[in-house]
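Asker: My questions all concern the structure below.
The values are calculated or read from the model by the stated rules, or taken from the named source; none is laboratory data. For clarity, every value in this text was computed on a predicted model and none was experimentally measured. Neighbour counts run over all protein chains shown; Cβ positions are idealised from the backbone, glycine included. Remember, those area values only see protein heavy atoms, side chains included, never the ligands or the DNA or RNA. Shrake-Rupley method; radii C 1.70, N 1.55, O 1.52, S 1.80 Å.
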Amino acid sequence: MAAPQVKQGPTQARVDALELPTGGWSTPARQDALARVQAMGLPHARDEYWKYTKPASLVDAAVILAAVYSTDETPMFGDMDRLKVVFVDGVFDADASDDLALEGISIDRLADVKDIHWAKDLYGVLEARGQDPVERPLATLNTAFATDGVLIHVTGTPSKPVNLIYRHDSETSDAMLHHVIKVDSGAVLTLLENGPAAARFNKCLEADIADGGTLHHVRTQGRDHERRAATHIFARLGAQSTFKSFTLTVNGVMTRNECVIELTGDDAFAHVAGACMGDGDFHHDDTIFVTHDAVNCESRQVFKKVLRNGATGVFQGKILVKPDAQKTDGYQISQSLLLDEDSQFLAKPELEIYADDVACSHGSTSGAIDDDALFYLQSRGIPHSIAQDLLVLSFIAEAVDEIEAEALREEILSRSEAWLSRHRND
Amino acid sequence: MLEIKNLQVKLEEEDKQILKGVDLTVEAGKVHAIMGPNGSGKSTLSYVLSGKGGYEVTGGEATLAGEDLLDMEAEERAAAGLFLAFQYPVEIPGVGNMTFLRTAVNSQRKARGEEEMSAADFLKLVRAKAKDLKIDADMLKRPVNVGFSGGEKKRNEILQMAMLEPKMCILDETDSGLDVDAMKLVADGVNALRDEGRGFLVITHYQRLLDHIKPDVVHIMAAGRIVKTGGPELALEVEKNGYSDILAEIA
């Protein structure tokens with residue numbers, strides 16, 4: 001089946017501008033993905049799934065420019081013991097990275113491995129499963145053309161987190177990375193990601209978590225204001241497994257974060273949360289799809305957006321409960337704090353439930369700063385601007401609290417506080 | 001310390017006059033109490049003095065140690081030494097009580113051109129003051145007022161007062177929602193702060209609180225004015241006969 005007429009030209013132009021990596025075990029998956037993306041076509045402004053976010057700048061074949069922002073701040077997670085894997089504009093930087101050997105996990109690079117590899121059974125597989133019932137062509141494009149990424153097999157409990165660091169050094173970079181993570185039964189990994197990555201970044205993360213496995217994921221998307229990103233997470237959870245993911249986004253003219261979670265084993269646990277703070281030319285989209293396909297699983301979606309000076313926040317979140325997924329506990333909340341009347345929040349919460357013994361709830365709100373709370377703080381001598389910052393932190397705290405490790409929660413809050421103090425209106 | 005002259009206040013949003021010429025002077029070292037029926041303007045007076053939005057001053061003046069209060073932002077009034085203990089303290093999820101207290105103390109010091117308190121000194125001080133009010137370490141760590149009982153919230157107000165060491169304290173129905181033991185604890189906290197350099201204005205419906213915090217002067221407020229002023233015996237009279245006798249007397 002060919003893509004709709006309107007999509008054929010732009011899709012072909014984008015594909016023609018890219019080079020399909022060849023040779024090695026991933027070639028069949030890449031060729032398959034190429035055929036799939038050509039069949040569905042890249043997102044178009046008229047697609048229902050892209051109603052609130054204009055896909056053009058994420059799709060166009062033309063080079064996108066983004067100035068590089070320099071700072072002398074301590075890098076994110078800089079004070080923590082972690083295994084660093086550094087990509088500069090999507091290219092692995094061996095000198096800046098740590099030795100990839102660590103007990104309890106094996107880390108390979110997608111661009112390195114040519115021989116047969118365990119990732120063959122997952123690469124593009126979870127992405128392809130995540131195309132139904134909603135197409136996610138940018139992820140498929142990524143499967144076909146990703147130039148690098150990490151393949152992490154977690155067999156035990158490594159002593160420290162793996163930190164993927166994405167540096168942005170070229171104003172014209174257009175990076176595509178694809179990571180595959182396989183967590184064995186009983187194994188535990190904390191994965192950290194941070195950095196602006198490139199002028200335009202397309203990233204795909206596939207995570208297969210076996211029965212009783214745990215994956216904690218914390219990422220921050222900074223700071224280069226003109227950068228654009230489309231990211232996908234595809235996670236499949238076995239019985240009694242845990243997946244917790246938190247994303248902090250500040251700055252960036254365009255971010256679309258999709259997360260597709262499939263609960264396939266009983267008693268599994270998936271939490272996906274995010275906080276974003278946008279000032280001015282900022283568009284941030286969280287698109288989440290959680291499928292319950294097993295008994296007694298719990299899923300939570302907690303998203304908070306702080307918007308000012310015309311910033312836009314989008315939330316599309318869905319919980320699908322299949323007929324046999326009894327005892328499902330699904331929760332979804334998306335809230336925005338609008339600091340002025342120019343900013344907007346667009347939310348589309350969805351529940352689709354086919355089982356009869358489930359508890360699912362969802363809520364979505366937009367609000368302003370609470371005047372009573374503001375007065376309470378000011379009446380104690382706290383100046384208006386600082387009082388407002390405290391209330392913004394108070395607002396995002398529910399999402400930040402979804403992070404398991406206290407040190408990471410504190411890192412996220414202190415970074416948020418620093419960002420706020422740099423972005424005061426007065 | 002606090003001087004209010006002919007203060008007239010209306011609601012900003014509607015044409016409703018709440019205070020119709022309040023005159024009141026609270027001297028340093030004294031405790032004044034204001035009693036009065038519901039809707040007489042007692043809470044409005046406390047809000048207007050501390051700088052809450054939504055009110056419009058249509059006449060009169062209010063000064064604290066000679067400084068014009070009505071011209072200042074709420075945080076400036078606090079730094080100048082005014083403190084309001086809220087009738088309904090606000091819950092602020094996600095902001096730790098300690099962070100809140102330290103930010104408040106240091107913001108005021110900064111505004112007054114004083115050096116900020118070090119984290120260690122602050123911790124030592126707050127622990128000592130919290131102990132007197134039977135506030136445990138857990139309450140200090142929790143988000144501001146979140147999950148606090150009525151009594152805990154009021155004790156937390158007094159702790160803030162003790163940490164900020166204001167010149168002028170206004171207590172807005174601090175006894176509401178308190179059982180006898182909690183009221184005693186709060187009153188002890190207030191009495192510990194009584195000092196010849198500090199004035200108090202205690203707004204209450206009941207004589208009971210005034211058994212514990214002994215006032216020097218008692219005012220009766222009705223329909224936006226102070227209608228009668230006397231000694232502590234005036235509060236006893238209200239407790240015994242209600243307001244109707246007093247109101248009838250002045251009508």
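Asker: Given (1) surrounded by 15 or more Cβ atoms within 10 Å (Cβ to Cβ); (2) out of contact with any Phe, Trp or Tyr (no Cβ under 9 Å at 6 or more places or on another chain), identify the lone condition not met by A:TYR69.
Answerer: Looking at each condition in turn, A:TYR69 falls short on (1).
Asker: Right, here's the next one. Going through region A:344-363 one residue at a time, which ones are assigned to a loop (DSSP other than H, G, I, E, B) and either facing chain B (nearest Cβ under 10 Å) or under 28 Å from the mean Cα position of the chain (by Cα) (or both)?
Answerer: Initial filter on region A:344-363 (assigned to a loop (DSSP other than H, G, I, E, B)): A:354-358.
Within region A:344-363, A:TYR354, A:VAL358 qualify.
Asker: Can you name every residue in region A:388-410 that is more than 10 Å from chain B (Cβ to nearest Cβ) and open to solvent by 30 Å² or more (accessible area, probe 1.4 Å)?
Answerer: A:GLN388, A:GLU404, A:ALA405, A:GLU406, A:ALA407, A:ARG409, A:GLU410
Asker: Taking the options A:SER379, A:SER385, A:SER366, name whichever one is within 12 Å of chain B (Cβ to nearest Cβ), open to solvent by 20 Å² or more (accessible area, probe 1.4 Å), among the polar types (S, T, N, Q) and more than 30 Å from A:LYS327 (Cβ to Cβ).
Answerer: Details: A:SER379 fails: open to solvent by 20 Å² or more (accessible area, probe 1.4 Å); A:SER366 fails: within 12 Å of chain B (Cβ to nearest Cβ).
Step by step, each of A:SER379, A:SER385, A:SER366 is checked, and only A:SER385 is within 12 Å of chain B (Cβ to nearest Cβ), open to solvent by 20 Å² or more (accessible area, probe 1.4 Å), among the polar types (S, T, N, Q) and more than 30 Å from A:LYS327 (Cβ to Cβ).
Asker: If the requirement is being at pLDDT below 95 and more than 19 Å from A:ALA275 (Cβ to Cβ), which of these qualifies: A:SER379, A:SER385, A:SER394?
Answerer: Being at pLDDT below 95 and more than 19 Å from A:ALA275 (Cβ to Cβ) holds for just one of A:SER379, A:SER385, A:SER394, which is A:SER385.
Asker: When you go through (1) of a type outside the set (Phe, Trp, Tyr); (2) without any contact (Cβ under 8 Å) to a residue 24 or more places away in the chain; (3) within 14 Å of chain A (Cβ to nearest Cβ) one by one for B:LYS131, which number turns out not to apply?
Answerer: (3)
Asker: What's the number of the condition A:PRO43 fails, among (1) open to solvent by 60 Å² or more (accessible area, probe 1.4 Å); (2) touching a Phe, Trp or Tyr at 6+ places or on another chain (Cβ under 8 Å)?
Answerer: (1)
Asker: Considering region B:92-114 alone, what residues qualify as being surrounded by fewer than 18 Cβ atoms within 10 Å (Cβ to Cβ) and under 20 Å from B:LYS52 (Cα atoms)?
Answerer: B:ALA111
Asker: Name every residue in region B:138-152 that is within 13 Å of chain A (Cβ to nearest Cβ) and open to solvent by less than 40 Å² (accessible area, probe 1.4 Å), in order of residue number.
Answerer: B:VAL144, B:ASN145
Asker: Please indicate, with yes or no, whether at least one residue in region B:172-187 is within 25 Å of A:PHE395 (Cα to Cα) and either at pLDDT below 95 or not polar (S, T, N, Q) (or both). Give the derivation first.
Answerer: Of region B:172-187, the ones within 25 Å of A:PHE395 (Cα to Cα) are none.
Looking through region B:172-187, none of the residues is within 25 Å of A:PHE395 (Cα to Cα) and either at pLDDT below 95 or not polar (S, T, N, Q) (or both).
Asker: Now for a separate question. Which of the residues that make up region B:5-42 are surrounded by 19 or more Cβ atoms within 10 Å (Cβ to Cβ), of a type outside the set (Lys, Arg) and under 21 Å from B:PRO89 (Cβ atoms)?
Answerer: B:ALA33, B:ILE34
Asker: Applying the selection to region B:54-69, what residues are within 12 Å of chain A (Cβ to nearest Cβ) and open to solvent by 60 Å² or more (accessible area, probe 1.4 Å)?
Answerer: The answer is none; no residue qualifies.
To keep it simple, each residue is scored yes or no on (1) closer than 19 Å to A:ASP286 by Cβ; (2) assigned to a helix (DSSP H, G or I).
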position	(1), (2)
A:GLY330	yes, no
A:SER334	yes, no
A:TYR376	no, yes
A:ARG424	no, no
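Asker: Taking the stated definitions as given, is B:ALA111 within 14 Å of chain A (Cβ to nearest Cβ), over 24 Å from B:VAL190 (Cβ atoms) and among the aliphatic types (A, V, I, L, M)?
Answerer: So B:ALA111 fits the description; yes.
Asker: Could you tell me whether B:LEU24 is within 14 Å of chain A (Cβ to nearest Cβ) and either in a loop (DSSP other than H, G, I, E, B) or under 30 Å from B:LYS214 (Cβ atoms) (or both)?
Answerer: No.
Asker: Restricting the search to region A:113-162, which residues are among the β-branched types (Val, Ile, Thr) and open to solvent by 10 Å² or more (accessible area, probe 1.4 Å)? Explain how you work it out, then say what you get.
Answerer: Of the residues in region A:113-162, the ones among the β-branched types (Val, Ile, Thr) are A:113, A:116, A:125, A:134, A:140, A:143, A:147, A:150, A:152, A:154-155, A:157, A:162.
Of everything in region A:113-162, those that are among the β-branched types (Val, Ile, Thr) and open to solvent by 10 Å² or more (accessible area, probe 1.4 Å) turn out to be A:VAL113, A:ILE116, A:VAL125, A:VAL134, A:THR147, A:THR155, A:THR157.
Asker: Any residue that is closer than 24 Å to A:ASP224 by Cβ, without any contact (Cβ under 8 Å) to a residue 40 or more places away in the chain, outside any loop (DSSP other than H, G, I, E, B) and not aliphatic (A, V, I, L, M) - is there at least one of those in region A:182-194?
Answerer: Yes, that holds for at least one residue.
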